[in-house]
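S.K.: Quick one: structure below, then a few questions.
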Amino acid sequence: MNFTLEKIPERTKKPRTYGLTMITDKGLSLQETKNFMSAAAPHVDMVKLAFGTAYVTPNLGEKIKIYQSHNIPVFFGGLLFEAFLIRNQFDDYVKTIREYGISHMEVSDGSLDIPHAEKCGYIEKLAKIGTVLSEVGSKDKDREHITPPYKWIELMKAELEAGAEYIVAEARESGTVGLYRDSGEVREGLVQEILTQIPGEKIIWEAPLKSQQLYFLELTGCNANLGNIAPNEIISLEAMRVGLRGDSFHFYLDGE
């Protein structure tokens, strides 16, 4: 850090296994990517190329290499995995990630109905070639059938057992799906029940909104795994993690 302050909580060091910040890149240019890395690389642990943007991104290979030159893994959004799958192109998906030197993969079923045993089968296959992040909670997007906490836990356990390194708890970019109500408010009972059964270090909480980020930092500390963060929010999030934003100012001051 640039100077010394007392009572700053200890952040995990890169390469981190928890305390992760995963950003969502929805189409940064090569120059924007370079500029972003010059400012934020120490605080970024993973980059998701959102939904299917990798298919239409110019100079994709060069962009991926910029991130990788900073030892930051890049992965395609889960929707792209589903796009390959619905076209019966799973083998092409594997070929594509190998061609781009990608080590991380997101398995989701938010747009495509995949039987859970089949989803776990894909996780098992992909875990043999890299790091799998498995998304849970996207089925709540229509609000018709809200998944109860016991089911979230059941799905998470099965997907971790199948070989997922992390579970991504769904929010989508709107922050109104899965973990959250339509208002963006956290489903606190759901989160707290999940944490009685699933280690927090294994969950990446998608938290695109500041209020959601603050909730998880207050609940689990500065080293909460947070995902779906906008690139322009990385520095402010890191400041909030260590109690240097107005919302978190009193988190780590003894006696306050």
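The values are calculated or read from the model by the stated rules, or taken from the named source; none is laboratory data. Computed from a predicted structure; not experimentally measured. Don't worry about glycine lacking a Cβ; one is built from the backbone with ideal geometry, like all the others, and counts go over all protein chains shown. Only protein heavy atoms, including side chains, enter the accessible area calculation; ligands, DNA and RNA are left aside. Shrake-Rupley method; radii C 1.70, N 1.55, O 1.52, S 1.80 Å.
S.K.: Could you give each residue of the range 231-236 its phi-based ³J(HN,Hα) in whole Hz, using Karplus coefficients 6.51, -1.76, 1.60 with θ = phi - 60°, and x for Gly or Pro?
M.R.: Values, residue by residue: x, 6, 9, 5, 5, 5 Hz.
S.K.: Related question: VAL168's amide H: which non-local residues (gap 5+, or another chain) put their own amide H closer than 5 Å, with H modeled 1.01 Å from N in plane and none for Pro or chain starts?
M.R.: Under 5 Å from the amide H of VAL168: SER134, GLU135, VAL136, ILE204.
S.K.: Apply the Karplus curve 6.51 cos²θ - 1.76 cosθ + 1.60, θ = phi - 60°, to the phi angles in the range 210-218 and return the couplings in whole Hz, x for Gly and Pro.
M.R.: 4, 4, 6, 4, 4, 4, 6, 5, 5
S.K.: What does the convex hull of the alpha-carbon atoms of the range 51-169 project to on average, in nm²?
M.R.: Details: hull surface 30.5 nm².
The orientation-averaged projected area of the Cα hull of the range 51-169 comes to 7.6 nm².
S.K.: When the expected Rg is taken as 2.2 N^0.38 Å, what fraction or multiple of it is the alpha-carbon Rg of the range 10-61?
M.R.: Numbers: Rg = 12.5 Å, N = 52, 2.2 N^0.38 = 9.9 Å.
So the range 10-61 has a normalised radius of gyration of 1.26.
S.K.: While we're here: Taking a probe of 1.4 Å, how large is the accessible area per residue of the range 17-148, in Å²?
M.R.: Numbers: 6130 Å² over 132 residues.
Accessible area per residue: 46 Å².
S.K.: Sticking with this one: Count charges around SER211 for me, please; just the other residues with Cβ under 11 Å from its Cβ, Lys/Arg as +1, Asp/Glu as -1.
M.R.: On the way: positive: LYS210; negative: GLU185, GLU218, ASP247.
Spelling it out: positives minus negatives among the neighbours equals -2.
S.K.: Rounded, prolate or oblate: pick one for the range 171-243, where a ≥ b ≥ c are the square roots of the eigenvalues of its C-alpha gyration tensor, a/c under 1.5 means rounded, and failing that, prolate if a/b is larger than b/c, else oblate. Kindly include the intermediate steps, with their values, before the conclusion.
M.R.: On the way: a/c = 1.80, a/b = 1.17, b/c = 1.54.
Oblate is the answer for the range 171-243, as a/c is 1.5 or above yet b/c matches or exceeds a/b.
S.K.: Here's a follow-up. If you wrap the range 201-251's Cα atoms in a convex hull and average its projection over all directions, what's the area in nm²? Walk me through the numbers before you get to the answer.
M.R.: Working: hull surface 12.4 nm².
With every direction weighted equally, the projected area is 3.1 nm².
S.K.: To the nearest 500 deg cm²/dmol, what mean residue ellipticity at 222 nm is calculated for the chain from DSSP H runs of n ≥ 4 alone, each contributing -39,500 (n - 2.57), summed and divided by the residues?
M.R.: Helix contribution divided over all residues of the chain: -10500 deg cm²/dmol.
S.K.: Okay, next question. Apply the Karplus parameterisation 6.51 cos²θ - 1.76 cosθ + 1.60, with θ equal to phi minus 60°, to every residue of the range 220-226 and state each ³J(HN,Hα) to the nearest whole Hz, in sequence, with x for glycine and proline.
M.R.: 10, x, 5, 9, 5, 7, 10
S.K.: Please list the non-local residues whose amide H lies under 5 Å from the amide H of GLY178, H modeled 1.01 Å from N, same-chain partners needing a gap of 5 or more.
M.R.: Correct list: ASP140, LYS141.
S.K.: Quick one: pull the percent of accessible area on the chain belonging to carbon and sulfur, 1.4 Å probe, ligands and nucleic acids left out.
M.R.: Numbers: 6300 of 12420 Å².
For the chain, the apolar C and S fraction of the accessible surface comes to 51 percent.
S.K.: Rg (Å, one decimal) plus Dmax (Å, integer) for the alpha carbons of the chain?
M.R.: 17.9, 59
S.K.: Among 147-158, 41-52, what's the highest-first ranking by average C-beta atoms within 10 angstrom per residue?
M.R.: Working: 147-158: 16.4, 41-52: 20.5.
In descending order of packing, they fall as 41-52, 147-158.
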